[in-house]
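Here's the structure, in structure tokens; my notes come after.
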Amino acid sequence: MVNPPWWLSDLDHHPWLELILQIVAVLLIVAVCDRVALPILQRLARPFPFSRRFLRYGRSAGRTAAFFLLLQIVLRNGEPVLRISPLLMHLTALCSIATLTWLATRCVKSISDTIVELNPTTTIDNLGARRIHTQTKVLARSMNVLIILIGTGMALMTLPLLRQIGTSLLASAGVAGLIVGFAAKPVLGNLLAGLQLALSQPIRLDDVVIVENEWGQIEEITGTYVVVRIWDQRRMVVPLQWFIEHPFQNWTRTSSELLGTVTIWVDYRLPVDPLRAESTRICQGAEEWDGRLCIVQVLDANERAMQLRVLVSAQDAARCFDLRCKVREGLIAYIHLHYPECLPRVRVDEDARQLAAEQ
């Protein structure tokens, strides 16, 4: 029978050496799982979107959390013999809480990204998908805030001094509680506003809105503000609570379909029916037109000219704007070519002017 080496047979007399070997074993276990077991799991998880994302997003967090949890177990087993420093034990516990919090946020991101992936917004009628995207992102941010608060609270409760201070504050409450409440009001207000936006859905990602007389689209919704992409590529940053407390226009609240208006002033001598036929021809040749509506109406008249309104329909705001421009350009060119005398003009009574000059 082969005798084991001295450093294995005599470990009971060298507890520090045993502890070091156990820590090395922990490192080896984590490394083997990361380099060998994880690629196998990733290959098996390819057909499953959530599992695939979680293994990719949570790899670093899971590896670190596993190391600190196993290290904490090793240190606790060796504590009675080695009298390990309480500070080291406490730091290990804090690292375990921090890495588990990190892993939980990675899990939330995996869930939210999976939901977003399964509901693409590449289709024309994407209201349902945009609603799901908005709810998912706002709720994911709120969940991350909650996870971080819970992790921070658990870490602080491991400190005896802070635990006693917290107990005394809870016992006294009163003014201190009011001060903390007022200090946290903006944060809590934005958090509640985010939850309200996610549930009531006054705005969604990619919604076309008019905010402070600016036309734009909802580009990003964070935990504290909303980014509106203005048509000229500027960005307007609006506090989250503003959308709860102020009225605004949402052009795609229930549908992306829109009606556009083209207004033209013409002379009274212009026949309207040929213009109606030309408007229909222009719309039928435009890829932006959705085929729902194309009508010409005399909207107004004054002592000099009459005002024509052309109503056209399109699938979304961008197409509607382009269609309006095409119809306006086409009608102006048509009137200039076929009825140049019917462009707006100012009439002067020559006899009355001469009579006034003679007097």
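For region 241-275, which positions are farther than 30 Å from Ala333 by Cβ and either in contact with a strand residue (DSSP E or B) (Cβ under 6 Å, 6 or more places away or on another chain) or not in a loop (DSSP other than H, G, I, E, B) (or both)? If the condition is that a residue be farther than 30 Å from Ala333 by Cβ and either in contact with a strand residue (DSSP E or B) (Cβ under 6 Å, 6 or more places away or on another chain) or not in a loop (DSSP other than H, G, I, E, B) (or both), then Trp242, Phe243, Ile244, Glu245, Phe248, Gln249, Asn250, Thr252 are the ones that fit.
Looking across region 236-260, just one residue is of a type outside the set (A, V, I, L, M), touching a Phe, Trp or Tyr at 6+ places or on another chain (Cβ under 8 Å) and under 25 Å from Met143 (Cβ atoms), and that is Pro239. Here is the figure for region 202-235: residues that are acidic (Asp, Glu) and either touching a Phe, Trp or Tyr at 6+ places or on another chain (Cβ under 7 Å) or not in a loop (DSSP other than H, G, I, E, B) (or both) total 3. The set of residues in region 302-326 being closer than 16 Å to Leu270 by Cβ and either among the basic types (Lys, Arg) or touching a residue at least 12 places away in the same chain (Cβ under 8 Å) (or both) consists of Arg304, Ala305, Met306, Gln307, Leu308, Arg309, Val310.
Checking Leu71, Leu118, Leu82, Leu87 one by one, the residue that is over 30 Å from Asp316 (Cα atoms) and at pLDDT 75 or above is Leu71 and no other. Residues that are polar (S, T, N, Q), surrounded by fewer than 16 Cβ atoms within 10 Å (Cβ to Cβ) and farther than 30 Å from Leu195 by Cβ do not occur anywhere in region 247-255.
Residues in region 263-297 that are over 18 Å from Gln315 (Cβ atoms), buried (at least 20 other Cβ atoms within 10 Å of the Cβ) and within 41 Å of the chain's Cα centre (by Cα): Ile264, Ser279, Val296.
Considering region 296-344, and only residues there that are in a helix (DSSP H, G or I) and among the β-branched types (Val, Ile, Thr), the residue that is nearest to Ile218 (Cα to Cα) turns out to be Val327. Whenever a residue of region 272-286 is farther than 13 Å from His338 by Cβ, its partners that are in a helix (DSSP H, G or I), lying with C-beta atoms within less than 7 angstrom and at least six residues away or across chains, give the pairs Ser279/Val327; Ser279/Leu331; Ile282/Lys326; Ile282/Val327; Ile282/Gly330; Cys283/Val327; Ala286/Leu323; Ala286/Lys326. Among the residues of region 190-198, is any farther than 22 Å from Leu258 by Cβ and surrounded by fewer than 16 Cβ atoms within 10 Å (Cβ to Cβ)? Looking for residues that are farther than 22 Å from Leu258 by Cβ and surrounded by fewer than 16 Cβ atoms within 10 Å (Cβ to Cβ), one finds at least one in region 190-198, hence yes. Against the definition (surrounded by 15 or more Cβ atoms within 10 Å (Cβ to Cβ), at pLDDT 80 or above, outside the structural domain of Val26 (by TED's automatic domain parsing) and of a type in the set (Gly, Ala, Ser)), how does Ala155 come out, yes or no? Yes.
The values are calculated or read from the model by the stated rules, or taken from the named source; none is laboratory data. Predicted, not measured: the structure shown is a model, and the values here were computed from it. Positions of Cβ are generated from backbone atoms using ideal geometry, with glycine treated the same way; all protein chains shown enter the neighbour counts.
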